[in-house]
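Accompanying notes for the structure given below.
Read-outs: derived from the displayed coordinates by stated rules, not from any lab. Small disclaimer: the values here were computed from a predicted structure and weren't measured. Cβ: placed from backbone, ideal geometry, glycine included. Neighbour counts: every protein chain shown.
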Amino acid sequence: MTRSLKSLPKHIAIITSGYLPVPNVLGGAVEALDTMLVQQNERTPTFDFTVFSSWAGGVEQAAQGFHHTHFAFIRTPWFVKAVDHGIYAIAKYVLRKRKLMSYRYIAQRLWYIRKVARRLSRENFDAIIIENHATLFMTMKLYGNEERYTGNVYYHLHNEVTNDFDCIHEIANVRKVLGVSNYIVDTLDRFLREHGEDGLRLEQRAVWRNCVDTEAFNPDNEATQKAGVTWRGTLGIGADETVFLFSGRLTPEKGAAELLEAFLKADLPHARLVVAGAFFFDSNIASPFEVKLHHMAEQAGERIIFTGFVNYKDMPALYAMADVCVLPSIWDDPAPLAVIEAMTSGRPLITTRSGGIPEYADKNCAVILERDANLVTNLATAMRELAMDDNRRKILGAQGDRNTRNLGPRAFLTSLQTLIQPSATDNESSRKPLAHAGL
């Protein structure tokens, strides 16, 4: 039975990344989850949220009409952006750094952190949810916020922590880690132990499973299926062609290069590979890896299609267009939304045994491959087999749809309601929520 709302923390601050906005007008998996959360909270009011977010064009319009969420948008001044452009240029052209995105928003993130920290010090929230980035724990180190919010900070963890940014104590002492998979919670426990902490106590460990809009991705949604047919026409794909879909950021760890190599090796004359995504969401930032992929694709002529960034509202139609989804992560992927989206869309899935993926997908709805030296060959084989077996595609897709029916927006909000705990302080909240604001 669900606990009485009177016992729940009511006014909750969500500190988002600081570079992609919420609502998710520029894309982003974590931002999509946050957007879905606050939208569901409008339908079934449970909390009063204050969402701290970076500002971008169009985000204020997208934020209109919310009664139980207040958005605090933080604008980045031109001179901060100029500093970041300089840092990025040095990292790219002088230092030749491989992980360029680590250098893209350094100044902006520091500006954002200080602004958020100051606002936290002026308000009294019942709970704080920090989204993913360890740097955001710096907000607790400023203006006495650590003492102010002791016992009321939650860490929504999506990726492995590799650097604590001198916030190891603040991370180790959160009320609860809300990991997207058991795998990712275990990585944080190991990180803490390797850096002088005791690790996570049992009561600090929790899994807040990723969810998607199951109605939008529903394979029985006629509007979505019609939009999928339109996508095929737009991309010049025939109704009788088998479409393999890759969706996600075009970074090496997602396995896009291995997929292109496998598609070329499979040599399927009546099939297309659609690659949906970009290096960094809806931006003009390209990467050498993207250039490499385009060069590889030239060997296939028009059989490999790059869509570039796709607005998230169009993603259900993109999945509806596909016959098979291929997401061959070659790193320990914590819990990619693309896996859940493919399954919810009723599409068969080819993926890898990596990270938290097996906690969402199983052999009844997916072909799960090992990440070994035979990955490209096995990908090609799996693609050939599914291209020729329409019945198996239907069986796998139907099971994926069944597996994800409890991973919708209502479940996402309800899970938070069960995971978050009464305030560790005695402060009763007669707290005035923030209005829509630019900080």
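Here are the numbers for the structure shown:
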read-out: Prolate/oblate/rounded label for the stretch 222-403 (Cα gyration tensor, a/c 1.5); value: rounded
read-out: Dipole of the chain, positive end: most advanced residue of P348, V274, V161 [Cβ charges, Cα centre]; value: V161
read-out: The stretch 99-246: radius of gyration over Cα atoms, expressed as a fraction of 2.2 N^0.38 Å; value: 1.42
read-out: Protection proxy ranking of 337-346, 158-167 - average other beta-carbon atoms within 10 Å, highest first; value: 337-346, 158-167
read-out: Cross-link table K97/K313; K97/K254; K10/K313; K97/K363, entries beyond 28 Å C-alpha to C-alpha; value: K97/K313; K10/K313; K97/K363
read-out: Burial ordering of M296, M140, fewest other beta-carbon atoms within 10 Å first; value: M296, M140
read-out: Rounded to 10°, Cα long-axis angle of helix 375-388 versus longest principal axis of the chain; value: 60
read-out: Pairwise label distance in nanometres, A398 with L142, each label 7 Å out on the Cα-Cβ vector; value: 5.5
read-out: Translational D in µm²/s for the chain (Stokes-Einstein at 20 °C, 1.002 mPa s, Kirkwood Rh from C-alpha pairs); value: 94
read-out: Principal-axis tilt of helix 288-297 within the chain, Cα atoms, nearest 10 degrees; value: 20
read-out: Acute angle (nearest 10 degrees) that the helix 29-43 long axis makes with the longest principal axis of the chain, alpha-carbon atoms; value: 70
read-out: Projected label distance in nm at D314 and E197, using a 7 Å step from Cα toward the beta-carbon; value: 4.1
read-out: Extension reserve of the D166-N406 stretch, reckoned as 0.36 nm per residue once the Cα distance is removed; value: 82.6 nm
